[in-house]
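The values are calculated or read from the model by the stated rules, or taken from the named source; none is laboratory data. What you are looking at is a predicted structure, and each value in this text was computed from that prediction instead of being measured. A quick note on method: Cβ atoms are made from the backbone with ideal geometry, for glycine too, and the neighbour counts reach across all protein chains shown.
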Amino acid sequence: MIKRPSKSEIRNSLDAQVNEYLNQGGQIKQFEQGDSSLIDGKYDRNQFVYGLPKQQRTPISETLNVIDRRRKQHLPTLCTKPKLRRVKKTIYDDFGEPLREVWVDS
């Protein structure tokens, strides 16, 4: 069974990595409390699209209509004629007694 590291082991490992980074000449930037990367309290939307202008989109309703028309052209016509099947029918006499059974197409 694999033993997971405890919180203290993780904390010691992170401290060791930070100290190693600082000993190799790395620097940690200090920021004032409340500073953030938000511009006027909002995310910079251009950083997500790499400064590209908005693209024109294809209207979906026209595209869906074209697809539906193509689909209707390719659909085979369904057979609407019901299939005949044989059913067993019991024939009774005048007193309600069964006389015989016959197969009937229905």
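Within the bounds of region 26-47, is there any residue that is in contact with a helix residue (DSSP H, G or I) (Cβ under 8 Å, 6 or more places away or on another chain) and either part of a loop (DSSP other than H, G, I, E, B) or modelled with pLDDT of 75 or more (or both)? Yes, there is a match, as at least one residue in region 26-47 is in contact with a helix residue (DSSP H, G or I) (Cβ under 8 Å, 6 or more places away or on another chain) and either part of a loop (DSSP other than H, G, I, E, B) or modelled with pLDDT of 75 or more (or both). Return the residue satisfying two criteria in turn: it lies in region 48-82 and is assigned to a helix (DSSP H, G or I) and among the hydrophobic types (A, V, I, L, M, F, W, C), and of such residues it is modelled with the lowest pLDDT. The extreme case among them is Ile60.
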